[in-house]
Amino acid sequence: VPQAEASGLVVPMGAWVIRQAMTELRSWRDRGSELSMSVNVSPAQLREDGFAAFVMDQANFANVDPSWLSIEVTETALLHDPGRSARELAALSRAGIGISLDDFGTGYSSLSWLTQFPVDVVKIDRSFTDELGIDERKSAIVSALIQVSHELGFSVVAEGVETDLQNERLLALGCDRGQGFLFGRPVAPQDAEWILGATG
């Protein structure tokens, strides 16, 4: 990914990923699943003029309801061109697409940035989750992030949840959802039939 970012290939690669994600999501929905899908977006993609329009065009082409989608961006992506990022994300949000702030807590932005973008979900970086129950300072930071996010009306997802202890601590702190190997590992679409069976 860093090489693709440096060479500019990440933009066409990202466009391909979005098209494939829409196609797969439509296929899952056609088979009775109620799954939604999140797609990670690079800073270079977000800086492209008409990015929001491209995403909406692909959703329309695949007959995908925008409410089934969420775009994930990092703090770093927002810092490159805040004005353009805000405009593109606002257009997506108006269309009903969710906006998630990924890896929160590892960038250079302040909490005040959360009020400047149409964020729905804050995803706490795994560097904080890793030491829950071990380093009480990390636990205090996670607790504060959850509380502030809830006060601002955001849902909270903890990344990198791998143990029952982490999951229990997060539930006790009021975290809304968890993501990590404790719940499942990445699989190819053709290997995800058990997911469809569980949700369909």
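The values are calculated or read from the model by the stated rules, or taken from the named source; none is laboratory data. Values in this document were obtained by computation on a predicted structure and should not be read as measured data. Quick reminder, even Gly has a Cβ in these numbers, built from the backbone with ideal geometry, and neighbours come from all protein chains shown. To get the accessible areas, we keep the full protein, side chains included, count just its heavy atoms, and leave off ligands, DNA and RNA. Shrake-Rupley method; radii C 1.70, N 1.55, O 1.52, S 1.80 Å.
Largest GNM mean-square fluctuation across F61, F51, F117, computed for the chain with C-alpha springs under 10 Å, falls on F61. Relative to the current alpha-carbon distance between N63 and L165, full extension at 0.36 nm per residue lengthens the span by 32.6 nm. Once backbone amide H atoms are built at 1.01 Å from N, A158 has I124, R177, G178, Q179 as its partners under 5 Å, excluding neighbours fewer than 5 places away on the same chain. For the chain, a crude dipole built from +1 on the beta carbon of Lys and Arg and -1 on the beta carbon of Asp and Glu, taken about the Cα centre, is about 380 debye to the nearest 20. Each of S85, T163, L173 was scored by the projection of its Cα onto the charge dipole of the chain, and the greatest displacement toward the positive side belongs to S85; charges sit on the C-beta of Lys, Arg, Asp and Glu.
Once the Kirkwood radius over Cα pairs is known for the chain, the Stokes-Einstein relation at 10 °C and 1.306 mPa s delivers a diffusion coefficient of 89 µm²/s.
Can you pull the percent of segment 1-64's accessible area that's carbon plus sulfur, 1.4 Å probe, other chains left in place? In segment 1-64, the share of accessible area belonging to carbon and sulfur is 54 percent. If we count every other residue with Cβ under 11 angstrom of V161's Cβ, Lys/Arg +1 and Asp/Glu -1, where does the sum land? Every neighbour counted, the sum reads -2. With both labels modelled 7 Å from their Cα along Cα-to-Cβ, the D81 to E136 distance reads 4.7 nm. Select from F128, F104, F183 the residue whose mean-square fluctuation is largest in a Gaussian network model of the chain (Cα-Cα springs shorter than 10 Å). Answer for the Gaussian network model of the chain: F183. Springs join every pair of Cα atoms under 10 Å in this Gaussian network model of the chain, and among I134, I99, I71 the largest mean-square fluctuation is at I134.
Farthest toward the positive end of the dipole of segment 14-91, out of S42, M22, G32, is the Cα of G32, where the dipole comes from beta carbon charges about the Cα centre. Based on alpha-carbon atoms, the Kirkwood radius and the radius of gyration of segment 126-181 give Rg/Rh equal to 0.93. Taking label positions 7 Å along the Cα-Cβ direction at both Q20 and S127, the computed distance is 2.9 nm, reported to one decimal. Between amide H atoms placed 1.01 Å from N, distances below 5 Å from N40 occur with E72, all of them 5 or more places distant or on a separate chain. 3J(HN,Hα) couplings calculated from phi for segment 75-90 with the Karplus curve 6.51 cos²θ - 1.76 cosθ + 1.60 (θ = phi - 60°) are, in sequence order, 4, 4, 4, 6, 6, 5, 8, x, x, 5, 4, 4, 5, 5, 5, 5 Hz; Gly and Pro show x.
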